[in-house]
Structure formats: structure tokens, C-alpha cells
Amino acid sequence: MPDTEEAVLPAPESRGAWEAGEGGGPPPWAFGASTILGLACTGWRAMPVLVETVVDRGLPHFVVVGLPSTAVREARERVRAAVRASGRRFPLHRITVSLSPADLPKEGTSLDLAVALGLLAASGQAPAPPPGWAVFGELGLDGSVRPVRGALSMAVAARQQGVTHLVCPAANAREVALLPGIRPLPARRLDDLLDWLAGPVLPPPVPLPEAAGDPGAPGPPAPLPDLASVRGQPWARRALELAAAGGHHLLLLGPPGAGKTLLASCLPGLLPPLDGEAAIEVTAIHSVAGQLPPGAGLIQRPPLRAPHHATPVAAMVGGGKVPRPGEASLAHRGVLLLDELAEFRRETLEALREPLEAGHVTVARLAGAERFPAAFQLVATANPCPCGQPGGRCHCSERQVARYRQALSGPLLDRIDLQVRVRRAALPPTAAGPREDSRTVRERVEAARQLQALRFHRLGLSHPPGQPPVNRWLEAGDAARWAPMGPAARRLLDTLYRDASLGLSSRGLVKVLRVARTAADLEGRDEVTVDDIELAAEFRFPPGW
Ligand SMILES: [Zn+2]
């Protein structure tokens, strides 16, 4: 439980202090000051905002200072109407609202409720909230409290301030309840909040929603395609398992109808589920993007995003006047599937360079840059040539094929460790033999990932902060330490490197070695063997790619 004494809340004497109006008796107006803890989103995170309100004698005047955006300035009109709709009086005097920290821009409508409460407390029409309380929500002109984006981020920011009770829009309450240690007080109307402050009775605790698998579907996760439904394709299955275990980016190459998309959609089901902090982070990003429906639970399954090839840059990596996360961030800690890679615009693919290298995207905004997490595993699919027909039926010219492949090998192919050809399954379902399901494979993947985590720790290998230590991050310089091998394996590597017909650059060789490392980890071995290297070398394209 957070320590409420550390809460950034006003000292009691400064809250709701007011003086009587002229003439004694019940004051026509009260004049005083109040301080309320509110919350506002900045990028995908939220920040605590102290809302200080002074109601003073003077001509009617209502000003908000402290870098408010247009939406926050417009809060004045919503607050005025909502206060009146709740049967309270709007002071026709000099009202000054100051938002701090003053140097950070405040966006969105989440401060409405705090501004309204500050005004009522400063004018003596409501008690100030007790220590440990914070408030957020948009106000309707009729006094209703409306949901906002990013409620989970606001709960995280509030908890860091020692908040124990968080007044929030009723439609956001289940989202706030996802965070342990903080109690949501769901308000439907401004009146609800005023009732709780006046009386001893608080609303009953909010029930916790079930975990959500897919953003977009409240309740239990919608089923993902299972590996058991994939017929044949032994090589592609093997590649998927290696990709899941080592976090390797993957390219599936094959003609239309070969089942590339189905295979790619199986990958999230092979990855370990998201644990506590990771699940909160992923859910918060989806909430800020407005992709989390009311009542949805914590996202515990790695997300799968499959943006259309016409997706513009801003939607792919995030952006906008008030920056929102893009597909790359919505795929954070999950899988970004680029189906038919050749169809994507080059500038869109170029924009994915930064997240592929650093695990985040930087979005420019008026007040400096905003950084969104975007550590996804890339799965791309492509046809072998522009027409996509197999060998005999393909009528593409050599030049067409060359130009097509060059476009493919642009910014992304260089980061892909695993490349596999997918052929149409020729086998009838019964001939394929028993097929392993995703769960069985996931157990091996989890064991292999544990070995990797131990090795990264033991050898002090580096990986981007906040991201799982998987073989994708292994660097060539440390290879002697992370890939111990006998003389036969070393000779094979040497042969591969010298064999000009294989066209392996030293970069290509490191990719082979990383995948070989993962193959050994899947079998629980520390030493990399000839078999591991031969297997890894199979997942490279012949020269010309
Ligand atoms: Zn063709």
C-alpha cells in the first residue's frame, strides 16, 4: 500500500478555507482557495496536476493558467454548465485556476472534474477531498461524468503519488480497478462526488474484470489460431518455434494461399503471457490509444497487430496533434504482422527502423518529443515474385523479379534473422501425422527463454532496457562467449563463411549463429553443435535474396 503521508496533497488549512460574505448570516458568496489533485495524459503516460483555485471579490472573470490546451480552456464552459446542472451556484466573481507543474502542457478533458470540484470547494459549496484522494473525468454540460482515454495510466500516476482513492468516470472504473492498491470511486454525475464528500458512505468496491486477450474484446480472450490447426509445414512450424524462443524477427516467403497468414497469427500463442508490470504497460498503451473497450480486463496475451499495407506513417508509428500510439506501439511486447511486405510504402517501412533498433518510437510534438514503447516482434510475409505464382506458372521477367526483391530487401530485411519458404500443403490432413498444439510448443519456448535470461545475466550481455533478454539482441563481438562450440562446429562456420555460393556476409553469419544459439537453447544445451548451425543455415535464402 502506498504511504498516504507522502501524498502530494494540500495541507488541510489551505483546503476549502472560505470567509463569509458581507452582512453576516449565510454568505451569498464565499471567497477562498482550494487545491485538488487531478490527472492529465501526456503521451501514453499520465501526470499528476495540482489544480489550485482562488475565488475572490471582483468582476466576473474565470481564467485558467499553467499551459492549458484548447480542450482544458474549454473546460470553463463545461464546468460552468455542470456546476449549475448539479444545483450549485457558479460564483459570479473573480475565479483563477492554476495548473501545476506549469511548464508541461495539459491536454484533454480529464481535468474537468478537478476544476469543478476546486471551484465548489473554494467557494465553500463542497468539502475538500481528504488526503489520499485524486480526481479525473470529463464533464458533460448536464453534470454527467464522461469517460476519458488513458484511465489506467492515470491510475498508475496517481498511485505513484500515494493516492488511495481515485474518483473517476464510472465507465473507466473497471480499468482503474486493474491496478492493485488503489480504489476507484466511480462517478456518474458531479453530484455523486459531492455526496461522497458530504457523507460517510462510499460506493461499493468495483469488481475486477476478467483478463482480456484481445484489445477490442471485453472478457476472456478470443481464441487465437492454434498450431494444431496448421497442416504439414514442418519447416515453417520449426521456424515459428525458433522465432518465439529467441524473439527473432521472421519472414515467411511463399505463394498466395500457402497459409502464411495463418502461420504468422499463431506466433502470439507461442509467446509467454505478459506478467504484471508488462500487462499493465500494454493495457495502458491500448487505453491511451482508445483501443480498450469499457469493462475490458488486463491484456495478458501478447498482442497481435496486422496493419493494412495502406496504413500511413502516422498511424504506423504514432503521431497527431495530441500524439497517440501507432500500430508499432499497439504491438509492444507482442507481434507486428506485415502481411505482403512488398505492398507497404517504403516510407512506412523506413519509419519502423527506429522501433526495430531501439524498441521505442519518438513522436514530435509541440512541446518536445514524446517517446512511446514499441518493442515488437516482426513477422513479415511476401510472395517470391510480383505475380506470386509458383515456378512453372510464373511469367515475371527477370528484371521485374529483381526490382521486386530489391524493394523487399530494403530497411527491414536486414533485421530479420529467420527466413523460411512456405509451400502449399500438399498433404491430406490425415497424412500429416499428429500435430503439436501451441501450448506444448509454448512450454519449450518458456524453458528456452529462461536459459537465455540466465545467460544474459551470467555473461553481462546487453539488451535494450525493459525488454526481455532474448537471442535477437546478441551481438557479434561477444559471440565467443555466448556461443561456445567444438572444433567441428567452428570448422562448419568457417566453411559457410568461405562458401561464396552461399553469399553469407559476416552480418549474415551472426544471424545464423543467433538462430543456432536458440536451437541449442530449445534443447537445453549450452554448447552450439554442427546440427544447430546446419539447421540455422537452412533458414537463410539462397543467393539472389
Ligand atoms: Zn511471377
Task: Among (1) out of contact with any Gly (no Cβ under 9 Å at 6 or more places or on another chain); (2) without any contact (Cβ under 8 Å) to a residue 60 or more places away in the chain; (3) outside any helix (DSSP H, G or I), the one test that Val145 misses - done: (1)
Task: All strands (runs of 3 or more DSSP E) inside the stretch 317-402 with 1 or more residues being in contact with a Pro (Cβ under 9 Å, 6 or more places away or on another chain), modelled with pLDDT under 90 and more than 16 Å from the ligand (Cβ to nearest atom) - done: 360-364, 369-373
Open item on the list: Go through the stretch 255-306 and report how many residues are more than 30 Å from Gln419 (Cα to Cα) and either assigned to a helix (DSSP H, G or I) or over 10 Å from the mean Cα position of the chain (by Cα) (or both).
Closed with: 19
Task: Conditions (1) free of Cβ contacts under 8 Å to residues at least 12 places away in the same chain; (2) in contact with a strand residue (DSSP E or B) (Cβ under 6 Å, 6 or more places away or on another chain); number of the one not met by Ala516 - done: (1)
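Filter the stretch 99-134 for residues that are part of a strand (DSSP E or B) and at pLDDT 95 or above and give the result. Lay out the reasoning, then the answer.
As a first pass, look at the stretch 99-134 and keep what is part of a strand (DSSP E or B): 99-100, 106, 133-134.
Across the stretch 99-134, the qualifying residues are Trp133, Ala134.
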Task: Boolean, Leu412 is under 20 Å from Ala264 (Cβ atoms), buried (at least 20 other Cβ atoms within 10 Å of the Cβ) and modelled with pLDDT under 80 - done: yes
Task: Top-ranked residue of the stretch 462-483 - restricted to ones that are in a helix (DSSP H, G or I) and of a type in the set (Gly, Ala, Ser), ranked as nearest to Leu378 (Cα to Cα) - done: Ala476
- [ ] Provide a single number: the residues in the stretch 230-259 that are free of Cβ contacts under 8 Å to residues at least 60 places away in the same chain and over 26 Å from Ile533 (Cβ atoms).
- [x] 0
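Per-residue answers, yes or no, for (1) crowded, with 21+ Cβ neighbours inside 10 Å; (2) basic (Lys, Arg):
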position	(1), (2)
Pro302	yes, no
Pro307	no, no
Val313	no, no
Arg333	yes, yes
Glu347	no, no
Gln377	yes, no
Task: Residue under evaluation Ile285, criteria (1) modelled with pLDDT of 90 or more; (2) among the β-branched types (Val, Ile, Thr); (3) surrounded by fewer than 22 Cβ atoms within 10 Å (Cβ to Cβ), criterion not met - done: (3)
- [ ] Answer with yes or no whether Val51 is within 19 Å of Gly162 (Cβ to Cβ), β-branched (Val, Ile, Thr) and at pLDDT 85 or above.
- [x] yes
TODO: Could you check, for the stretch 70-85, whether at least one of its residues is buried (at least 21 other Cβ atoms within 10 Å of the Cβ) and assigned to a loop (DSSP other than H, G, I, E, B)?
DONE: no
Task: Exclusive hit being crowded, with 17+ Cβ neighbours inside 10 Å, outside any helix (DSSP H, G or I) and either assigned by TED's automatic domain parsing to the domain that holds Thr42 or touching a Ser or Thr at 6+ places or on another chain (Cβ under 8 Å) (or both), set Val167, Val156 - done: Val167
Open item on the list: Considering only the stretch 447-461, I want to know if a residue exists there that is part of a loop (DSSP other than H, G, I, E, B), at pLDDT below 90 and small (Gly, Ala, Ser).
Closed with: no
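Out of the residues in the stretch 421-442 that are over 25 Å from the mean Cα position of the chain (by Cα) and modelled with pLDDT of 90 or more, which is nearest to Val230 (Cα to Cα)?
Kept after step one, since they are over 25 Å from the mean Cα position of the chain (by Cα), are these residues of the stretch 421-442: 421-437, 440-441.
Restricting the remaining residues to those that are modelled with pLDDT of 90 or more gives 437, 440-441.
Details: Asp437: 9, Thr440: 14, Val441: 13 Å.
Applying the filter and picking the extreme gives Asp437.
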TODO: Return yes when Arg231 is of a type outside the set (S, T, N, Q), in the same structural domain as Thr381 (by TED's automatic domain parsing) and modelled with pLDDT under 85 and no when it is not.
DONE: yes
- [ ] Show the residue pairs that are 6+ apart or on different chains and have beta-carbon atoms under 6 Å apart, the first residue being within the stretch 40-51 and on the phi < 0 side of the Ramachandran plot, the second being among the charged types (D, E, K, R).
- [x] Ala40/Lys106
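The values are calculated or read from the model by the stated rules, or taken from the named source; none is laboratory data. As the structure is a computational prediction, the values presented were derived from the model and not from experiment. Neighbour counts run over all protein chains shown; Cβ positions are idealised from the backbone, glycine included.
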